[in-house]
Amino acid sequence: MSESITILGIESSCDDTSAAVIRDGLLLSNVIASQEVHAEYGGVVPELASRAHQQNIVPVVDTALRRAGVDKHSLSAIAFTRGPGLLGSLLVGTSFAKGMSLGLRVPIVDVNHLHGHVLSHFIRREESDPVPSYPFLCLLVSGGNSQIILVRNYNDMEILGRTIDDAAGEAFDKCAKVMGLPYPGGPHIDRLAAQGDPSRFKFARPHIPGLDYSFSGLKTSFLYTLRDNLKTNPDFITENQADLAASLQHTIIAILMDKLDKAVRATGVTTVAIGGGVSANSGVRDAVADYCRRRRLTAFIPPRLFTTDNAAMVAMAGYFKYIDRDFCRYDQTPFARVTV
């Protein structure tokens, strides 16, 4: 019988410190420490984030190992997010992974954060949990990225379309901010949208050729709608909060789904997955599920726990790379920006 493969995953790309353990492809633990301090500033403050990672990483890793019932000396490798993300935050996770690797004399595996989101669909708690069949399309939507990716294999991904300016998550958060909603704004928009009329307000939709996205025009249109109506009614936002949220969410989803439909028709794939922070949005989840039902496609919609930044997806990606003996050199450094 072959020896088990046990991977410790470490995620520190933004403001969540996370550690997870996967053994032979099955998730044993996934621990996330979030940082509340950023809400006061209306966005993530990089310096505060990196300091919090330094405080959190040791207890988070220790908790993940204990919950998994795994001794650190039985680890096969340590997977860590190398980028993209906030450089200071990435340095904490990278440095910790390298130090632990040297101490335990096990290899390290570097993981592209975006690859992790795509491969989150392969996280299994039970052997019977379904996973996508290759090839499939993944709509990756987050605060920093909006991409349509053709996934031929865990290490063979092609970006078919991407945002040329702002990401969908950024549109949610910035429009929420001008409405006076707390950070992060996306979940508040989602909650309010459930109570509003999505056809009440019309916002600009971009006409970008191919499969690329654009959300900057939508943000401008939303801002002008608020500005113009506030001139005559100072209580416009308060009185129309739910309808504004519903109309904004409806427009963003329509933009996303239009390009996704074009990608499905162009590739002929029969499986569609979503990933990234915005895939936690109720409207996005419902729209993709409904679209796949109508087109008789197989939909993979991740549990909300695996939509935001988490180490389970890092450990999963690391597991695949470990099987290929695709290890990271110790002179490799984190990177802030990259595409799939």
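For the stretch 53-104, report the % of Cα-Cα distances exceeding 16 Å.
43
So what's the convex hull volume per residue for the Cα atoms of the stretch 109-244, in Å³?
Here the figure is 153 Å³ per residue.
Could you pull out every one of the aspartates and glutamates with an alpha carbon less than 13 Å from that of residue 98, ignoring same-chain neighbours closer than 8 positions?
110, 331
Any chance you could give the angle, 0 to 90 degrees and rounded to 10, that helix 282-295 forms with the longest Cα principal axis of the chain?
90
Could you work out which residue, out of 314, 31, 106, moves most in a Gaussian network model of the chain, that is, has the largest mean-square fluctuation with Cα springs under 10 Å?
Highest fluctuation of the listed residues: 106.
Using all alpha carbons of the chain, what is the percent of pairwise distances in each 10 Å bin, ordered from the shortest bin to the longest?
Going from the shortest bin to the longest, the percentages are 6, 26, 31, 24, 10, 3, 0, 0.
From zero outward in steps of 10 Å, how is the percent of C-alpha pairs of the stretch 260-340 spread across the bins?
Distribution as computed: 15, 34, 32, 16, 3 percent.
Where Lys and Arg each count +1 and Asp and Glu each count -1, what net charge lies around residue 81 among other residues with Cβ under 10 Å from its Cβ?
That sum, taken over residues with Cβ under 10 Å, equals -2.
Suppose all protein chains stay in the model; what accessible area per residue would a 1.4 Å probe give for the stretch 121-256, in Å²? Don't skip to the answer; put the middle values down first.
Working: 6310 Å² over 136 residues.
Normalised by residue count, the accessible surface of the stretch 121-256 is 46 Å².
Which angle between 0 and 90 degrees, to the nearest 10, do you get for helix 216-232 versus the longest principal axis of the chain when only C-alpha atoms count?
40
Classify the stretch 97-175: rounded, prolate or oblate, from the alpha-carbon gyration tensor (a ≥ b ≥ c, eigenvalue square roots; a/c under 1.5 rounded; otherwise prolate if a/b is larger than b/c)?
Values: a/c = 2.08, a/b = 1.38, b/c = 1.50.
Taking the square roots of the gyration eigenvalues as a ≥ b ≥ c, the stretch 97-175 is oblate.
What is the dipole size for the stretch 179-285, taken about its Cα centre, with +1 at each Lys and Arg Cβ and -1 at each Asp and Glu Cβ, in debye to the nearest 20?
Details: 11 positive and 9 negative charges, 50 e Å.
In total the dipole reaches around 240 debye.
If I take every Cα pair under 8 Å that is 6 or more residues apart in the chain, average their sequence separation and divide by the length, what percent do I get for the relative contact order?
On the way: 717 pairs, mean separation 83.6, N = 340.
Reported as a whole number, the value is 25 percent.
Quick one: if you take sqrt(5λ) for each eigenvalue of the C-alpha gyration tensor of the stretch 191-340, what semi-axes come out, biggest first, whole angstrom?
Equivalent ellipsoid semi-axes, largest first: 35, 20, 16 Å.
Taking the Cα atoms only, what angle lies between the long axis of helix 168-178 and the longest principal axis of the chain, rounded to 10 degrees?
That works out to roughly 50 degrees.
So how exposed is residue 58, as accessible area in Å² (1.4 Å probe, rounded to 10)?
90
Any idea how far the Cα center of the stretch 96-117 sits from the one of the stretch 294-320, in Å?
20
Please give the Cα centre distance for the stretch 186-216 versus the stretch 151-175, rounded to the nearest Å.
Measuring centre to centre over Cα atoms gives 16 Å.
Taking springs between alpha-carbon atoms closer than 10 angstrom, which of 25, 103, 83 fluctuates most in the Gaussian network model of the chain?
Judging by the Gaussian network model, the answer is 103.
Take every Cα pair under 8 Å in the stretch 203-340 that's 6+ residues apart, average their separations, divide by the length, and report that relative contact order as a whole percent. All intermediate terms of the calculation are to be shown ahead of the outcome.
Numbers: 88 pairs, mean separation 24.3, N = 138.
For the stretch 203-340, the relative contact order is 18 percent.
Points 7 angstrom from Cα along the Cβ direction at residue 164 and residue 232: gap in nanometres?
Spacing of the two 7 Å Cα→Cβ label points: 3.4 nm.
Filter the trypsin sites (Lys or Arg not before Pro) in the stretch 140-235 down to the DSSP loop ones having no more than 14 other Cβ atoms within 10 Å, then list what survives. Provide the component values of the computation, followed by the final result.
Numbers: sites: 152, 162, 174, 177, 191, 200, 202, 219, 227, 231; in loops: 200, 202.
Qualifying residues, ordered by number: 200, 202.
Looking only at 275, 88, 186, which one moves most when the chain is put into a Gaussian network model with springs between Cα atoms under 10 Å?
88
Find me the longest stretch of the chain that has none of the exposed GluC sites (Glu not before Pro), where exposed means in a DSSP loop (not H, G, I, E or B) with at most 14 other Cβ atoms within 10 Å.
Between exposed loop sites, the widest span is 128-340.
With all protein chains present, calculate the accessible area of residue 304 using a 1.4 Å probe and round the result to the nearest 10 Å².
Roughly 120 Å² of residue 304 is accessible to a 1.4 Å probe.
The values are calculated or read from the model by the stated rules, or taken from the named source; none is laboratory data. All of these numbers come straight from a predicted model, not from anything done at the bench. No Cβ is skipped: glycine too gets one built from the backbone with ideal geometry, and neighbour counts run over all protein chains shown. Note: accessible area is taken over every heavy atom of the protein model, side chains too, but ligands, DNA and RNA are not part of it. Shrake-Rupley method; radii C 1.70, N 1.55, O 1.52, S 1.80 Å.
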